[in-house]
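Worksheet: the structure to be examined is printed underneath.
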Amino acid sequence: MKCGKRKYEAISKLLTLTENEKKAGCYQPDSFDDRFVPKEIVSVANEMVYTTVIDELLISIPELKPLYAENTHIWSDGYLPYVVFGLVVVPTMEELLKYDWQSPVLKRIFDFIEIMMQSKHNDVQTLAAIEIAEWLAYEENTVIRTNAIKLMGRKTLKEMNGMMNWRPNH
C-alpha cells in the first residue's frame, strides 16, 4: 500500500484516509489536532513558502477564487499575502463563523491555516499567526471565537491563546 500523491487533494479533503492508508504509515499521530495526517501533508507544510502561499490557498480552497478575483484590482501586479488574507480569507471566515460554522469550506480553511502554522518557514507561520490567530484573539464577537475554537488545530489555538494572554512589558 502506497500513500499516493495526494499533495493538494489531501489538503482539500484533509485527513480522509482509509484504514489501509493508516496501516501503511501515511500519517503522523498527534499532528493537526490529533487526526491522522498523510506524510504528504507534512511535506506540503514544510514546502509551503511565503511567495506561493496564496497560489496554494486557491488550489486548496477554490471557493475563495471569486472573492480573490473581485479584489485583484486592489493589488494590481503584485500582491502581499497579508492583503489577500485581509480582504479574502478573513471576511470569508468571519461570515462562515457567524452563519455557517459547520461549512466544509470553513473546515478546509482552518486545516490550511494549521498547515501554515506547521511550516518550517517563519514567514508562513507569521502570516497565519498575524492574520488569523491574532484576529481571533481580539475578536469581540464571542460566537465567532467560540466557533473558531471548535475548528482550529492545536498550533493555531496555542498561538491564539498566547496572543490573548500577551501583556506589554512595563
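The values are calculated or read from the model by the stated rules, or taken from the named source; none is laboratory data. The shown structure was predicted, so the numbers you read here are calculated from the model rather than taken from an experiment. Cβ coordinates were reconstructed from backbone atoms using ideal geometry, including for glycine residues, and neighbour counts include every protein chain displayed.
Scan 91, 66 and give me the residue that is more than 17 Å from the chain's Cα centre (by Cα), under 24 Å from residue 48 (Cα atoms) and assigned to a helix (DSSP H, G or I).
It is 66.
What are the residues in the stretch 127-161 that are in a helix (DSSP H, G or I), free of Cβ contacts under 8 Å to residues at least 24 places away in the same chain and loosely packed, with under 15 Cβ neighbours inside 10 Å, if any?
142, 146, 149, 158 - these are the residues of the stretch 127-161 that are in a helix (DSSP H, G or I), free of Cβ contacts under 8 Å to residues at least 24 places away in the same chain and loosely packed, with under 15 Cβ neighbours inside 10 Å.
Please tell me if residue 74 is surrounded by fewer than 21 Cβ atoms within 10 Å (Cβ to Cβ) and either in contact with a helix residue (DSSP H, G or I) (Cβ under 8 Å, 6 or more places away or on another chain) or not in a helix (DSSP H, G or I) (or both). Steps first, please.
Values: surrounded by fewer than 21 Cβ atoms within 10 Å (Cβ to Cβ): yes; either in contact with a helix residue (DSSP H, G or I) (Cβ under 8 Å, 6 or more places away or on another chain) or not in a helix (DSSP H, G or I) (or both): yes.
Taking the combined requirement at face value, the residue satisfies it.
From 32, 85, grab the single residue that is touching a helix residue (DSSP H, G or I) at 6+ places or on another chain (Cβ under 8 Å), surrounded by 16 or more Cβ atoms within 10 Å (Cβ to Cβ) and at pLDDT below 50.
Checking each option against the conditions leaves just 32.
I need a count of the residues in the stretch 92-104 that are closer than 20 Å to residue 59 by Cα, of a type outside the set (Ser, Thr, Tyr) and modelled with pLDDT of 95 or more.
Number satisfying all stated conditions: 2.
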